[in-house]
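> Encoded as structure tokens, here's the structure I'll be asking about.
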Amino acid sequence: MPVPIPRQRAIPAVESGQAQAASACGGSAEDSLTDASAQTPRTPDTAGNTTDKVEHHPAHTNLTLLLIEDDPAGSPIVPDMLDQAGKPIRVRTARNLTEAERLLTDDVHCILLDLALSAPGRSDSDDELAVLRHVLELAPRHAVLALTASGDAERGAEAVRVGAQDYLFRDELDGRLLSRAIRYAVERKRSESAERRLAEGKLRAQENRRLERGLLPTPLLEGSSLRFAARYRPGRSRALLGGDFYDVVRTPDGTVHAMIGDVCGHGPDEAALGVELRIAWRALTLAGLCGDQLLGTLQQVLEHERADDEIFATLCTVDIAPDGRRAGLCLAGHPSPLLAGPGRPARLLPYDNNGPALGLLPGARWPRMQVELGAEWSLMLYTDGLIEGRVGEGGERLGQEGMTEMVRRQFAEGLRGERLLQAAVNEVRDLNGGELTDDVAVLLLDRVP
């Protein structure tokens with residue numbers, strides 16, 4: 001059965017009385033719509049009619065109304081209307097939802113729906129607002145006015161609760177009332193959409209923050225006498241997670257394993273890869289791997305998971321013997337840890353056997369160095385974000401020597417644990433003259449007999 005061609009008409013300017021009435025309401029807050037001074041291109045719509053192709057912003061365009069009502073006789077129920085600028089409000093008419101869907105283009109600002117219209121596939125005994133629900137699903141971004149019979153205010157109020165912006169009585173329509181209702185509905189829908197987008201944005205931000213917090217490690221040190229502290233500052237704005245990563249676990253034999261690493265780059269992809277490497281390191285460590293064997297396996301993980309062959313990661317791993325007096329150290333292109341203790345100035349551990357960063361050389365090896373720690377010590381592992389900040393207004397970097405002197409002084413002042421790390425990060429930031437652009441991760445292990 002052929003679908004009847006929908007009718008579209010432009011309502012001419014109303015007589016002077018109605019024009020004055022429409023213009024009299026132009027000063028109210030709800031009618032704060034302005035005229036568009038530029039002409040817009042005209043393009044054919046899906047029904048073959050010529051329409052003005054405009055953006056969906058009523059403050060800069062003529063208003064267009066889509067009337068959905070079953071009127072076999074073809075007699076319009078919508079009176080002549082003017083917008084605030086005195087221009088006619090364009091009206092398109094659809095006699096069923098099939099026609100309405102064809103006419104529902106982006107330049108339609110508001111839908112006037114006759115609630116007496118039957119929804120497709122539903123009988124009269126079904127939901128009285130089925131047709132409204134169908135239109136709301138069809139046009140979630142458009143303002144909707146419900147049209148009902150006089151005295152049926154309860155049905156109109158229910159239509160608003162379902163999602164319409166307002167309701168009107170069929171036999172009380174006039175140009176002034178309807179034009180104001182259209183503008184009010186459009187502005188209300190735009191405000192609701194803005195509030196919804198804001199709420200959705202806040203919800204996504206909260207979910208992202210919860211996700212990032214969940215990806216940060218929880219040290220597994222149960223049964224160990226070592227004390228642990230860490231500081232983490234991603235370089236990305238408003239992020240909780242960057243390309244730096246760290247972890248600490250204690251294996252059943254009493255050995256404490258610590259690791260810190262840095263994926264090149266600062267974006268979310270680098271942060272995700274850092275999390276993958278950290279989780280892989282923990283799993284491999286708990287499975288009994290260490291040293292060169294562990295780093296070689298991690299390199300395989302990196303090579304399979306990275307998005308680009310040029311992405312690499314530096315890494316420092318330390319395995320501390322159960323008695324806490326010695327440790328094994330492996331460096332993969334990473335800065336050497338800093339060791340301090342009573343009566344001993346802070347110093348960098350040897351890095352002569354520093355191997356290449358992960359992902360640079362296939363088949364690379366990473367020798368394990370034996371380090372004597374002593375009876376009481378503090379071991380600080382860090383990423384290069386802590387040492388690459390600038391010192392003053394020049395181009396000079398803090399560097400490892402500057403960091404060592406800074407920590408040596410802070411250690412002599414009695415700072416330990418969380419206080420030491422916080423002071424170190426704050427001072428590096430102050431020396432830089434503001435926030436650091438690179439990710440910063442620092443962890444501290446202390447042994448006090």
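FYI, it's all coordinate maths here, none of it is from the lab. Just so we're clear, the structure is a prediction, and the values are computed from it rather than from any experiment. Note that we place each Cβ from the backbone using ideal geometry, even for glycine, and neighbour counts take in every protein chain shown.
> What shape does segment 216-447 have by the C-alpha gyration tensor, where a ≥ b ≥ c are the square roots of the eigenvalues, rounded means a/c under 1.5, and otherwise prolate means a/b greater than b/c and oblate the rest?
Details: a/c = 1.57, a/b = 1.06, b/c = 1.48.
Here segment 216-447 falls in the oblate category.
> Here's something else I'd like to know. According to a simple spin-label model (label point 7 Å from Cα along Cα-to-Cβ), what is the distance in nm between ARG227 and SER193?
With each label point 7 Å from Cα toward Cβ, the separation is 5.8 nm.
> Of all chymotrypsin sites (Phe, Trp or Tyr not before Pro) in segment 306-402, which ones are in loop regions per DSSP and have a Cβ with at most 15 other Cβ atoms within 10 Å? Can you show the working numbers first?
Numbers: sites: PHE312, TYR351, TRP377, TYR382; in loops: PHE312, TYR351.
In loop regions of segment 306-402 (DSSP not H, G, I, E or B), the sparsely surrounded chymotrypsin sites (Phe, Trp or Tyr not before Pro) are TYR351.
> Using label points projected 7 Å from each Cα along Cα→Cβ, tell me how many nm separate THR297 and TYR351, to one decimal.
About 2.7 nm separates the two model spin labels.
> Evaluate the distance, in nm, between pseudo-label points positioned 7 Å from the Cα of PHE169 and of ALA321 along their respective Cα→Cβ axes.
Each label point lies 7 Å from its Cα, and together they span 9.5 nm.
> List the trypsin sites (Lys or Arg not before Pro) within segment 134-168 that fall in a DSSP loop (any state other than H, G, I, E or B) and whose Cβ has at most 11 other Cβ atoms within 10 Å. Numbers along the way, then the final one.
Details: sites: ARG141, ARG155, ARG161; in loops: ARG141.
Loop-located and lightly packed - ARG141.
> How would segment 311-449 be classified by its alpha-carbon gyration tensor: rounded, prolate or oblate, with rounded meaning a/c under 1.5 and the a/b versus b/c comparison settling the rest?
On the way: a/c = 2.18, a/b = 1.08, b/c = 2.01.
Oblate is the answer for segment 311-449, as a/c is 1.5 or above yet b/c matches or exceeds a/b.
> Related question: Hey, what do the phi angles of segment 171-185 turn into as Karplus ³J(HN,Hα) couplings, whole Hz, using 6.51/-1.76/1.60 and θ = phi - 60°, x for Gly and Pro?
8, 10, 6, 9, x, 5, 4, 5, 5, 5, 5, 5, 5, 4, 5
> Okay, next question. Between THR98 and GLU154, what FRET efficiency comes out of the Förster formula 1/(1 + (r/R0)^6) with R0 = 25 Å and r the beta carbon distance, rounded to 0.05? Please list the in-between numbers first.
Numbers: r = 29 Å, r/R0 = 1.17.
For R0 = 25 Å, the calculated efficiency reads 0.30.
> Would you kindly derive the ³J(HN,Hα) couplings of segment 427-432 from the backbone phi angles with the Karplus curve 6.51 cos²θ - 1.76 cosθ + 1.60 (θ = phi - 60°), listing them in order in whole Hz, with x for Gly and Pro?
These are the phi-based 3J(HN,Hα) values: 5, 4, 5, 5, 4, 6 Hz.
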